[in-house]
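One structure is given here, and the rest of the page talks about it.
The values are calculated or read from the model by the stated rules, or taken from the named source; none is laboratory data. Just so you know, these numbers come straight off a predicted model, no measurement behind them. Every residue, glycine as well, gets a Cβ built from its backbone with ideal geometry; the counts of neighbours run over all protein chains shown. We work out accessible area using only protein heavy atoms, side chains counted, and drop any ligands, DNA or RNA first. Shrake-Rupley method; radii C 1.70, N 1.55, O 1.52, S 1.80 Å.
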Amino acid sequence: MFIGIDDTDSREKYCTTYLATLIYDELKNNGYLLNIPKLIRFNPMVKYKTRGNGGVALQILNAEKGDEEFIKNVVINYVEKYSDLSSPNTNPGIVFLSSENYKKNSEILKNYYKKVLYDIVDINYAERILKKIKGEYIKIKLGRGIIGALGAISSNPPYTYELIAYRKREMWGKKRIIDEESVIKMDKETFPYTYDNYDYENKKVLITPNTKCPVLYGIRGIDIKYLIDAYFLVKGEKPERFMIFKTNHGTDVHLRHFKIKDIYPNTGVIVYGKIIKEPTNLEGGHVIFRLSDSTGEIDCIAYEPTKGFRDIIRKLIAGDYIAVYGTVREKPLTINIEKIKILKLEKKFILDKTCPFCGGTLKAKGKKTGYKCRKCKKIIKEPKKIEIKRDINPGFYEVPGTARRHLSKPIQLIDLLSDKNV
Ligand code: ATP
């Protein structure tokens, strides 16, 4: 039996993963055997999201006929108790799906997962699919959470993992005390199997959230063994409990290859193209350039929070051939860059301003007249061009951990994930 839950918390209160952990423990204490719970993220462009647009799913492996009533009661009671129903933006949804209907409808579920990753889905669409696959669902208030609840059940590989440690109740809302040095040590000792623990560029611990929720910290990685090692390396406030979730974090599953003419708003894209307008600075510290392929042109932006990544972008020039990974903003239609891959660098030239006759310095006289030597006064129509070395190399470049979306694959995982196929 599968259980999906979403949209229970607010920025002020609770966390859907904590709720899933409580239900997991309660069912386990009642003799049920459960698969590792899932924490699945969906299209990051969804505007209703509280934080990272994620839903959770549990799978009971030994539910027998007649157990459903008990299980549903446990789930509903916990969801009612641990949802912030006073928040206007919290609209919980619960989905129950039998193992039989899960198996029978694997193709429909596969397509639904893609839909919630790539597009903005209507609640009626989720209800239609649920009816088709004979899923039971409960909508609380608007019940928008059924979209993500079914999305979490429908997910399929690749997966990574997150170990989430929760705070003792009396600590909720208080400042989190986590020893920064211990996080750096943990990061170094578990590299490359855990990621986004510490932002070395901005000197910032990344595992702790800033909200009042019950989460103390979350450690992400691709190997459970390393996550447990990491748990014991982090020092500071003692957690009340922890849970390891299977997730789609760091997998890039929200991105698809697109030709520019086919790009539409609020989806994730990978676009190969040539830079046709050199990067320039926008007000607010953002950096923009224009990309072109055989079908069209589009602007790509590295926003201010991507910090040092913008310096990489500023090094690009017209003619560079790159792939841009990111999500598409509607107005104006632009790509919000998550990472780039430089495939081919254009040669960069500067004018040789040394006079070929006397070695003096050339001075520009205007477009038509060319250059004049300050010393011998000779006019040189077209001075020689000298190729200069580019101060950037082909390869991947990414935003820092502080600015990374949950779903974005960090460069450190690119080879590891394809090897492991987790
Ligand atoms: P929470 O921890 O409460 O789940 P969150 O940041 O994940 O916080 P939600 O409060 O769940 O955000 O809000 C996101 C809402 O968007 C949920 O109701 C979810 O069902 C819905 N949703 C998820 N994916 C999509 C999608 N692709 N299209 C439209 N709605 C979606």
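Against the numbered list (1) touching a residue at least 12 places away in the same chain (Cβ under 8 Å); (2) farther than 30 Å from Ile207 by Cα; (3) in contact with a strand residue (DSSP E or B) (Cβ under 8 Å, 6 or more places away or on another chain); (4) open to solvent by 20 Å² or more (accessible area, probe 1.4 Å), Arg310 comes up short only at (2).
For the stretch 395-402, the count of residues that are open to solvent by 70 Å² or more (accessible area, probe 1.4 Å) and modelled with pLDDT of 95 or more is zero. Quick one: is Gly52 open to solvent by 10 Å² or more (accessible area, probe 1.4 Å) and either away from the ligand (no atom under 16 Å from the Cβ) or polar (S, T, N, Q) (or both)? So Gly52 fails the test. In the set (1) within 12 Å of the ligand (Cβ to nearest atom); (2) under 17 Å from Ile5 (Cα atoms), Glu68 fails one condition alone, (1). Identification of strands (runs of 3 or more DSSP E) wholly contained in the stretch 312-422 with 2 or more residues that are in contact with a Leu (Cβ under 9 Å, 6 or more places away or on another chain) and polar (S, T, N, Q) yields no element. In the stretch 140-156, of all residues being over 22 Å from the mean Cα position of the chain (by Cα) and surrounded by 17 or more Cβ atoms within 10 Å (Cβ to Cβ), the one that is nearest to Asp84 (Cα to Cα) corresponds to Ile140. Is it the case, given these coordinates, that Tyr272 is under 30 Å from Lys331 (Cβ atoms) and either of a type in the set (Ser, Thr, Tyr) or surrounded by 15 or more Cβ atoms within 10 Å (Cβ to Cβ) (or both)? So Tyr272 fits the description; yes.
Let's see how each residue does on (1) crowded, with 18+ Cβ neighbours inside 10 Å; (2) without any contact (Cβ under 8 Å) to a residue 60 or more places away in the chain; (3) hydroxyl-bearing (Ser, Thr, Tyr):
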site: Gly284; (1), (2), (3): no, yes, no
site: Ile298; (1), (2), (3): yes, yes, no
site: Ala302; (1), (2), (3): yes, no, no
site: Thr306; (1), (2), (3): yes, no, yes
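When you look at Ile76, is it within 16 Å of the ligand (Cβ to nearest atom) and of a type in the set (Val, Ile, Thr), yes or no? Here the answer is no, as Ile76 does not meet what is asked. Only one of the numbered conditions (1) open to solvent by 40 Å² or more (accessible area, probe 1.4 Å); (2) assigned by TED's automatic domain parsing to the domain that holds Lys331 is not met by Lys238, and that is (2).
Scanning the stretch 202-235 for residues that are open to solvent by less than 10 Å² (accessible area, probe 1.4 Å) and touching a residue at least 60 places away in the same chain (Cβ under 8 Å) yields Cys213, Pro214, Gly221, Ile222, Leu227, Ala230.
For the stretch 335-366, the set of residues classified as within 29 Å of Asp311 (Cβ to Cβ) and buried (at least 19 other Cβ atoms within 10 Å of the Cβ) consists of Ile335, Asn336, Ile337, Glu338, Lys339, Ile340, Ile342, listed by residue number.
Answer yes or no as to whether Asp122 is open to solvent by 40 Å² or more (accessible area, probe 1.4 Å), outside the structural domain of Asp223 (by TED's automatic domain parsing), among the acidic types (Asp, Glu) and without any contact (Cβ under 8 Å) to a residue 60 or more places away in the chain. In short, yes. When the stretch 251-266 is filtered for residues that are in contact with a Leu (Cβ under 9 Å, 6 or more places away or on another chain) and crowded, with 18+ Cβ neighbours inside 10 Å, the ones remaining, listed by number, are Thr251, Asp252, Val253, His254, Leu255, Ile260. Among residues of the stretch 316-355 being touching a Pro at 6+ places or on another chain (Cβ under 9 Å) and among the polar types (S, T, N, Q), the one that is nearest to Pro383 (Cα to Cα) is Thr354. Looking at (1) within 30 Å of Asp122 (Cβ to Cβ); (2) within 14 Å of the ligand (Cβ to nearest atom), which is the one condition that is false for Pro214? Just one mismatch for Pro214, condition (1). Residue count for the stretch 230-243, restricted to those that are touching a helix residue (DSSP H, G or I) at 6+ places or on another chain (Cβ under 6 Å) and not small (Gly, Ala, Ser): 4.
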